[in-house]
């Protein structure tokens, strides 16, 4: 807990200009910490971070020809650490330009599609176009000039965000104005704890996702301190591994952490990791957490709470009561919101595939899984076996998996029952396409496995 007084910025200032406010009013207030190689912690105050943002803004203003009345779009998809990436992104906004961060997990085809849709002024995913500003450059000791304050209207596009692509052939692009971004910052005001001065473990922060952007927004608004990975360590490049992130969390000892469902599912298997997590408040969001993993965490007295939102709407929930057993429910910010029925009286049955897919992906023999069977009388599964397993031994692999599935089904009425006649095996040579959240890209996968699914429906379980 940091005891310095935090002076909140005016709620009418664009996020990037709130950092300028902090330079004047909270200059020695801590913003970010991370461990160094010798085990000590490095602390950045606003007097360190804001000049770095200004250097990035000056870099873009001097590198891009700006015609009067236009707002250049800067697209970038790069493998970087979260600290450098965040500062560069804020530098684009501080220059009065529109930032279009693209997940580096996407394939070249998807990145090319997004670029063709948005038609940015500058694309930084190719080094020959413009190199990514490096940590050593933006945090240099050299003097710099403060860029002029931009005049971008609050209701015009400041950020272009893409969806994860899990429900469509290609990710969709969504525009966020500064007004929209600021409105989302207010959700943190309804949290059951006061975040100013608290250390929040964001070692898994991915600033190219809408959730990562929300944390940058909340940082300037609420005055918490971010714990990140060491930008000088090559293992800190996004996405870092679960062990790297966890060890870093132990070094920084935050009072609150954010962790994706994937990370919590990995950590929940280790009693020592569960023991550490119970000393913090754990926030998860992005996708559904496997309930059996959540139960292990709750049984170990981990304080677990969920957030909910979308790329189109931003954050639409508040952090619920801490330590509650109803961790998998979320509270809307507007209690008067209600769902309205369709007026044609029709209903459709939807199979929620996430719990069963998540259960399968916990198994060491499985790298990925996707349920199939839309419009068919029974539900099947595509299983991508773990790298290194012999796919020719599909019967041995499936027999082992099926025993674990049957054990999970006992007493659990919420899991969709799979048909043993509707199984497709694949491997890393023809992987299930994956969205940025780690979920299957259903539309693209169904297109790629169309022949196998048709053959499987005609002749039973097959191997690809």
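The values are calculated or read from the model by the stated rules, or taken from the named source; none is laboratory data. Quick caveat: nothing in here was measured; it's all calculated off a predicted structure. We place every Cβ from the backbone using ideal geometry, glycine too, and count neighbours over all the protein chains shown.
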| query | From the list 401, 397, 382, which residue is outside the structural domain of residue 169 (by TED's automatic domain parsing), at pLDDT 80 or above and under 30 Å from residue 240 (Cα atoms)? | reply | 382
| note | Cβ pairs under 7 Å, 6+ apart or interchain, first in segment 185-200 and closer than 21 Å to residue 229 by Cα, second modelled with pLDDT under 80, ordered by first then second residue, are 197/1; 197/2; 197/3; 198/1
| remark: Expected single match for assigned by TED's automatic domain parsing to the domain that holds residue 98 and either buried (at least 21 other Cβ atoms within 10 Å of the Cβ) or in contact (Cβ under 8 Å) with a residue 40 or more places away in the chain (or both) among 8, 35 is 35
| Checking residue 248 against (1) modelled with pLDDT of 90 or more; (2) in contact with a strand residue (DSSP E or B) (Cβ under 7 Å, 6 or more places away or on another chain); (3) surrounded by fewer than 17 Cβ atoms within 10 Å (Cβ to Cβ), the condition it does not meet | (3)
| note | Sole miss for residue 264 among (1) over 17 Å from residue 357 (Cβ atoms); (2) outside the structural domain of residue 204 (by TED's automatic domain parsing); (3) in a helix (DSSP H, G or I) is condition (1)
| task | All but one of (1) surrounded by 19 or more Cβ atoms within 10 Å (Cβ to Cβ); (2) modelled with pLDDT of 75 or more; (3) part of a loop (DSSP other than H, G, I, E, B) hold for residue 305, so report the exception by its number. | result | (3)
| Set 113, 54: member being closer than 30 Å to residue 440 by Cα and either surrounded by fewer than 24 Cβ atoms within 10 Å (Cβ to Cβ) or not assigned by TED's automatic domain parsing to the domain that holds residue 241 (or both) | 113
| query | Among the candidates 52, 95, 112, 14, which residue alone is closer than 30 Å to residue 241 by Cβ and modelled with pLDDT of 90 or more? | reply | 52
| said: For segment 70-92, check the following and say yes or no: at least one residue is free of Cβ contacts under 8 Å to residues at least 40 places away in the same chain, assigned by TED's automatic domain parsing to the domain that holds residue 227, buried (at least 23 other Cβ atoms within 10 Å of the Cβ) and under 25 Å from residue 47 (Cβ atoms). | reply: yes
| remark: Apart from one, (1) part of a helix (DSSP H, G or I); (2) under 30 Å from residue 117 (Cβ atoms) all hold for residue 21; the odd one out is (2)
| query | Name the residues in segment 199-216 that are touching a strand residue (DSSP E or B) at 6+ places or on another chain (Cβ under 6 Å), part of a loop (DSSP other than H, G, I, E, B) and at pLDDT 90 or above, would you? | reply | 202
